[in-house]
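Please read the structure below before turning to the comments.
The values are calculated or read from the model by the stated rules, or taken from the named source; none is laboratory data. What you see is a predicted model, and the numbers here were worked out from it, not measured in a lab. Heads up, the Cβs are rebuilt from the backbone with ideal geometry, glycines too, and the neighbour counts pull from every protein chain shown.
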Amino acid sequence: MAIEGFQMIARVDDVPPGQSKVVTVNNRAIALFNIDGKFFAIHNLCPHEGGPLNEGRVKGFVVACPWHDLAFDIRNGQGTDGGGYCVGSYEVRVEGEEIFVGPRRRT
């Protein structure tokens, strides 16, 4: 099933709860997270020095960059440490067993 304006990026079984997966959307690495069965997508690269956010420590809805611990809310890409950094986030929809990502949200 296709959703207008959205691209299918994974299947639900590809990303177990508590895990993440890197997918490519329009030549950009996107980190897809499964938090208790709900899916979220943000740019995978930390804006500080390009650390891979999908490899970061996740606590609740916050992922910390594995390189320097900058933290981001995976629901909206906003930095949580007051440093002014943020990453792009994407709307995610699940239809059946397929996960779709939409255009980048404006933050």
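Assorted remarks:
- Considering K38, K21, the condition of being at pLDDT 95 or above, surrounded by 15 or more Cβ atoms within 10 Å (Cβ to Cβ) and charged (D, E, K, R) is satisfied by K21 alone.
- Among the conditions (1) in contact (Cβ under 8 Å) with a residue 12 or more places away in the chain; (2) buried (at least 19 other Cβ atoms within 10 Å of the Cβ), A64 misses just one, which is (1).
- Test: V94 is surrounded by fewer than 16 Cβ atoms within 10 Å (Cβ to Cβ) and within 20 Å of P16 (Cα to Cα): yes
- Members of the stretch 75-107 found to be in a loop (DSSP other than H, G, I, E, B), touching a residue at least 40 places away in the same chain (Cβ under 8 Å) and within 15 Å of P47 (Cβ to Cβ), listed by number: V87, G88
- Just so you know, in the stretch 25-35 the residues that are part of a strand (DSSP E or B) and modelled with pLDDT under 95 include one that is farthest from G83 (Cα to Cα), and it is V25.
- Residue within the stretch 51-66 that is assigned to a strand (DSSP E or B), small (G, A, S) and either closer than 18 Å to A10 by Cα or out of contact with any Gly (no Cβ under 7 Å at 6 or more places or on another chain) (or both) present: no
- Conditions (1) modelled with pLDDT of 95 or more; (2) buried (at least 17 other Cβ atoms within 10 Å of the Cβ); (3) over 11 Å from the mean Cα position of the chain (by Cα); number of the one not met by P47: (1)
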